[in-house]
Amino acid sequence: MTIIEAMHGHRSIRKYKADPVGDEMLAEILEAGIRASSSGNMQTYSIIVTRDLELRKQLYEPHMQQSMVLDAPVLLTFCADFNRMRHWLQLSNAPDNFDNFMGFMVAAIDAVLVSQNVALAAESKGLGICYMGSTLANCDEIDRIIQLPLGVFPVVGFSLGYPAEDPPARDRLPSDGLVHFETYEEYSDERIREIYYDRETKGWERYMTYPPLRQMVQEAGVENLAQIYTVVKYTREKHEQFSRTVLDYLASQDFMSGTKVI
């Protein structure tokens, strides 16, 4: 499978076969992953490989009870990591200039870049993955379980294994609604409606197809897909709660020096 084919073939896999991911296979995709671009070639990330079922049972709650946490043979957690870099700086009598929000952003981008490299390598080998936003939302709880030291922050993670399902490809917004040439072109009301037309239709149909999702929508009394996103799935209360968790945890992990949060 070519890289382009792997990209176009991406599906979020939530059901997995019991087959383990072999050590050689795992090592190969991780080695491919660490070839990702990195700011200053500092590689300020770490990858936590979790296979142990008891640990995955502990991670089940902070990962919002998503079934693939238990069903997939492997969980990968990609962390922004300045712990290792800071240790090296100290040994080299060099100042630590990374105990701030910019340091976190550099490391977080490194972690995200390597995670996508690993995902593409895995899918090219016939494995499936499903990214979990709960890694960031419940970063403090996940930290406690996988025992992260000061200067390390779980940014993103995904389940990994051999697919036991073949779900259809999810729709994507059209490229001409996402790509801007030379400068940013603001959207008119009409253009927004054009860009989101298929998403409105297909997204609503998806929620209506599955009884649990349809019931959730009906109970909330929402009328369109946009309201599903903001009334049901991503409420202001949840986002404010998760925002506070992330900011507090950033401070506790020494990534907020000199940063004033209003």
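The values are calculated or read from the model by the stated rules, or taken from the named source; none is laboratory data. Here the structure is a predicted model, which means the values were calculated and not measured. Please note: Cβ atoms are built from the backbone with ideal geometry, for glycine as well, and neighbour counts cover all protein chains shown. Surface accessibility is based on the protein's heavy atoms, side chains included, excluding ligands, DNA and RNA. Shrake-Rupley method; radii C 1.70, N 1.55, O 1.52, S 1.80 Å.
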In vacuo Debye scattering of region 1-149, one point per C-alpha: log10 I(q)/I(0) at q = 0.13, 0.14, 0.17 Å⁻¹?
-> -0.64, -0.74, -1.05
Quick tally, 1.4 Å probe accessible area for D254, D166, D23, sorted with the most first, runs D166, D23, D254
If you project the alpha carbons of region 24-94 onto the principal axes, what extent comes out on each, in Å, largest first?
-> 45, 25, 18
Please work out how much accessible surface K238 shows to a 1.4 Å probe, ignoring ligands, DNA and RNA, in Å² rounded to 10.
-> 90 Å²
Hey, what did the chain get for relative contact order, percent, Cα under 8 Å, at least 6 apart?
-> 26 percent
Heavy-atom accessible area of region 154-262 with neighbours in place, 1.4 angstrom probe: carbon+sulfur share in percent works out to 52 percent
How much accessible surface does Y131 have with a 1.4 Å probe, in Å² rounded to 10?
-> 80 Å²
Full-stretch length increase - T209, Y197 - with 0.36 nm per residue and alpha-carbon distance subtracted | 2.5 nm
What does the charge count near Y131 come to, summing +1 for each Lys or Arg and -1 for each Asp or Glu among other residues with Cβ under 14 Å from its Cβ?
-> +2
Go through region 241-250 residue by residue and turn each phi into a ³J(HN,Hα) via Karplus (6.51, -1.76, 1.60, θ = phi - 60°); whole Hz please, and just put x for glycine and proline.
-> 5, 5, 4, 5, 4, 5, 5, 5, 5, 4
What whole number of Å gives the distance from the Cα centroid of region 86-109 to the Cα centroid of region 32-78?
-> 23 Å
Return the carbon/sulfur percentage of the accessible area of region 14-118, one whole number, probe 1.4 Å, all protein chains in place.
-> 54 percent
Note down the accessible area of D189, probe 1.4 Å, to the nearest 10 Å².
-> 110 Å²
For q = 0.24, 0.26 Å⁻¹, Debye-computed log10 I/I(0) when each Cα of region 134-226 counts as one equal scatterer = -1.11, -1.19
Summing +1 for each Lys or Arg and -1 for each Asp or Glu, what net charge is found among the other residues whose Cβ lies under 14 Å from the Cβ of A94?
-> 0
Would you mind telling me which residue in P212, P168, P73 has the biggest mean-square fluctuation in a Gaussian network model of the chain, where springs connect alpha carbons within a distance under 10 angstrom?
-> P212
With label points built 7 Å along Cα→Cβ from the Cα atoms of L55 and A220, find their separation and express it in nm.
-> 3.4 nm
Using a 1.4 angstrom probe with every protein chain in place, what is the largest-first accessible-area order of L89, L113?
-> L113, L89
In whole Å and largest first, what semi-axes does the C-alpha gyration tensor of the chain yield when each eigenvalue is scaled by 5 and square-rooted?
-> 32, 25, 21
Could you pull out every residue, at least 5 positions away or on a different chain, whose amide H is within less than 5 Å of the one on V74? Hs are placed 1.01 Å off N in the peptide plane, and Pro or chain starts have none.
-> L160
Calculated from backbone phi, Karplus (6.51, -1.76, 1.60) coupling profile of region 196-203 in Hz, x at Gly/Pro | 9, 4, 5, 4, 4, 6, 5, x
On average, how much accessible surface per residue is there in the chain, in Å², for a 1.4 Å probe, leaving out ligands, DNA and RNA?
-> 60 Å²
About the Cα centre of the chain, how large is the charge dipole given +1 on each Lys and Arg Cβ and -1 on each Asp and Glu Cβ? Please answer in debye to the nearest 20.
-> 420 debye
For the chain, the longest stretch holding no GluC sites (Glu not before Pro) located in a DSSP loop with at most 13 other Cβ atoms within 10 Å is which?
-> 1-164
Computed FRET value (nearest 0.05) for L150 with H10, which takes r as the C-beta separation and R₀ as 41 Å | 0.70
Distant-in-sequence amide H partners of V155 (H built 1.01 Å from N, under 5 Å) = F78, C79, A80
Within region 123-201, report the trypsin sites (Lys or Arg not before Pro) that DSSP leaves as loop and that have at most 12 other Cβ atoms within 10 Å.
-> R170, R172
So how do L53, L247, L26 rank on accessible area, 1.4 Å probe, biggest first, that is with the largest at the start?
-> L53, L247, L26
Taking only C-alpha positions in region 197-262, Rg and Dmax in angstrom work out to 17.4, 50
D71: net charge of surrounding residues, Cβ under 11 Å, Lys/Arg +1, Asp/Glu -1, itself excluded?
-> +3
Stretch gain in nm, segment Q241-S37, where the contour uses 0.36 nm per residue and the Cα spacing is subtracted | 70.2 nm
